[in-house]
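Since the structure comes first, as structure tokens, the remarks are kept for the end.
The values are calculated or read from the model by the stated rules, or taken from the named source; none is laboratory data. All values reported here derive from a predicted model rather than from experimental measurement. So basically every Cβ, Gly included, is an ideal-geometry build from the backbone, and we count neighbours across all protein chains shown. These area figures cover heavy atoms from the full protein model, side chains too; ligands, DNA and RNA do not enter into them. Shrake-Rupley method; radii C 1.70, N 1.55, O 1.52, S 1.80 Å.
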Amino acid sequence: MFALSDHGIDQHPLCQALQDDESGALVVFEGHVRLFNDGRTVLRLEYEAAPELAANEFARIEAEAVARFAIRAVRCVHRVGTLEIGDKAVWIAVLAAHRGPAFEACRYVIDELKSRLPIWKKEHYADGDSGWINLP
Amino acid sequence: MIKVEVTYHALLREQAGCTTESVRTQARTLAGLYEECAQRHQLTLKPEHMKVARNDRFADWSTAVVDEDRIGFIPPVAGG
């Protein structure tokens, strides 16, 4: 399950919704907005996404994770809009019977998400400059 | 001549000056469509650095464009 959110990510209700008597492991990854990037001081950033395409592509990543690792569920929320330093940018949770597959699948999902989901980040710097990340 | 809806994201949206536009085209492939749009809006990204989506799924640049398609041009991504 994948969702985009234009307001802060509150993981408490998200984790509560993941109750599963057959899962002994819950691994959560959070990505936060960092003060420095490539030696520059970041003031804030903006994320934008292609919502339907992102949901479709996440469903593929989720299906791959379920096929590769012995896990029971994957949940992900990604922010869009303006974010400040320290804000959660992405939240990923993996439920599994055991911790090994949960850790491995969580790593797989965040790595694939970063390289495949149609989400873009524009950083605004302390020196007044700004720019889209990962341009050639 | 067919009509498609084109969506621009991130840098491309800024360069095109719009998020979506209705485009009449004689382009046969997604690559041909991008070439037309890039010329009209002076888009700076090259297709080899981008992806393209057709009707909300990633597609190859060589895919045929069909009337009423929704096409999204996808700059390098930076989620997470």
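What to note about this one:
- Only helical runs count toward this figure. For chain B, summing -39,500 (n - 2.57) over DSSP H runs of n ≥ 4 and dividing by all residues gives -7000 deg cm²/dmol at 222 nm.
- Distances between placed amide hydrogens fall under 5 Å for B:T29 paired with B:V65, all partners being 5 or more residues away or on another chain.
- Distances between placed amide hydrogens fall under 5 Å for A:I119 paired with B:A78, B:G79, all partners being 5 or more residues away or on another chain.
- Solvent accessible area, Å² - A:I85, 1.4 Å probe, full protein context: 70
- Close Lys pairs in the protein assembly as shown, defined as Cα atoms under 30 Å apart and 8 or more places apart or on different chains, number 13.
- Neighbouring partner chain Cβ atoms per residue of B:66-79, average, 10 Å criterion: 5
- For B:S62, the accessible surface of its heavy atoms amounts to roughly 90 Å² (probe 1.4 Å, protein chains only, rounded to the nearest 10).
- Taking θ as phi - 60° and the Karplus parameters 6.51, -1.76 and 1.60, the scalar couplings of the range A:79-89 work out to 6, 10, x, 8, 10, 9, 4, x, 5, 6, 9 Hz in sequence order, x denoting glycine and proline.
- For chain A, the longest principal axis of the alpha carbon atoms and the long axis of helix A:51-68 meet at an angle near 40°.
- Inter-probe distance in nm under a simple model that places probes 7 Å from Cα toward Cβ, at A:R44 and A:A67: 4.2
- Alpha-carbon centroid distance for the pair the range A:1-73 / the range B:1-50, whole angstrom: 30
- Helix B:30-41 and the longest principal axis of the C-alpha atoms of chain B enclose an angle of approximately 70°.
- By DSSP, the beta bridges lying fully in the protein assembly as shown are antiparallel in about 85 percent of cases.
- Extended-chain gain in nm, criterion 0.36 nm per residue less alpha-carbon gap, A:D87 and A:H32: 19.3 nm
- Average beta-carbon neighbours from other chains, 10 Å sphere, peptide A:110-121: 5
- Among B:D69, A:D111, A:D10, the sequence by solvent-accessible area, most first, with a 1.4 Å probe is A:D10, A:D111, B:D69.
- FRET efficiency, 1/(1 + (r/R0)^6) with R0 30 Å, evaluated for A:D111 and B:E5 via beta carbons: 0.40
- Built amide H within the under 5 Å cut-off of A:D87, gap 5+: A:V33
- Computed label-point distance, nm, for sites B:E14 and B:E68 using a 7 Å Cα→Cβ extension: 3.6
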